[in-house]
Amino acid sequence: MFLGEYRSSITSGSRIAIPKPFRIFGDESIILTRGYENCIVMVGRSNFEKLLDGVANIPFISTDKRQTARFLLAGAHEVLPDSQGRVVLPVNLIEHARLRSGEVAFLGVGEWIEIWDLSNWKEYQSQLDQQAPEIANRLASLKARE
């Protein structure tokens, strides 16, 4: 399970060092793909299919399935970290996540890691802090219906 928030910088060659607590992939390749809310999602190859479980059993004729597959799969890249835990971020993902400042936040959010432009993360986190009680109440009411 991935937990915590760590900071890093992007080098001029679009290279980024994965924080040490998140370097648990061993020799396994890493999938980088578009994330929701303009971030990059990073997950080990073996866990990538788990992220897709939500759309796996939906018929192809579903527009939502096709659009979600395009969003997650067409933007995905398989990378292998170097000996110092660095990867090169693809241009399309840098653009998607609006990584402008060169400073990023790595967020451990359970089964995956998110990479955010630091200023975008701070802004989003501020909104999230205000909305957290309301979100928790909505989730509790969903759970109560089960």
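Bear in mind these aren't lab numbers, they're just calculated from the coordinates by the rules spelled out. These figures come from a predicted structure and were not determined experimentally. No Cβ is skipped: glycine too gets one built from the backbone with ideal geometry, and neighbour counts run over all protein chains shown.
Listed by chain and number, the aspartates and glutamates placed with their C-alpha closer than 18 angstrom to that of K122 are E5, E37, E103, E114; residues fewer than eight positions away on the same chain are left out.
Between the Cα long axis of helix 118-145 and the first principal axis of the chain there is an angle of about 30°, rounded to the nearest 10.
Lysines near K50 by alpha-carbon distance under 24 Å, same-chain residues fewer than 8 away left out - which ones? Output for K50: K20, K65, K143. For segment 1-66, the list of GluC sites (Glu not before Pro) that fall in a loop by DSSP and count at most 16 other C-beta atoms within 10 angstrom reads E28, E37.
Along the charge dipole of the chain, pointing to its positive end and built from +1/-1 on Cβ of Lys, Arg, Asp and Glu, which listed residue (S141, G35, I61) has its Cα farthest out? Of the candidates, I61 comes out farthest on the positive side.
Convert 4 °C to kelvin, take the viscosity as 1.567 mPa s, use the Kirkwood radius over C-alpha pairs of segment 99-146 as Rh, and evaluate the Stokes-Einstein diffusion coefficient in µm²/s, rounded to a whole number.
Values: Rh = 12.6 Å.
Reported coefficient: 103 µm²/s.
Based on Cα contacts under 8 Å between residues 6+ apart, the chain shows a relative contact order of 34 percent.
Largest first, the extents of the alpha carbon coordinates of segment 29-112 on the three principal axes equal 42, 26, 21 Å. Note on the chain: semi-axes of the ellipsoid equivalent to its C-alpha gyration tensor, largest first and rounded to whole Å, are 26, 21, 15.
What dipole magnitude, in Debye to the nearest 20, does the chain give about its Cα centre under +1 on Lys/Arg Cβ and -1 on Asp/Glu Cβ?
Numbers: 17 positive and 18 negative charges, 27 e Å.
About 140 debye.
By the helix-only formula, in which each DSSP H run with n ≥ 4 contributes -39500 (n - 2.57) and the sum is divided by residues, the chain has a 222 nm mean residue ellipticity of -10500 deg cm²/dmol. When the chain is treated as a Gaussian network with alpha carbon springs shorter than 10 Å, the biggest mean-square fluctuation among P19, P59, P90 belongs to P59. Its Cα gyration tensor gives segment 1-76 an equivalent ellipsoid, and the semi-axes of that ellipsoid, as √(5λ) in whole Å with the largest first, are 27, 15, 11.
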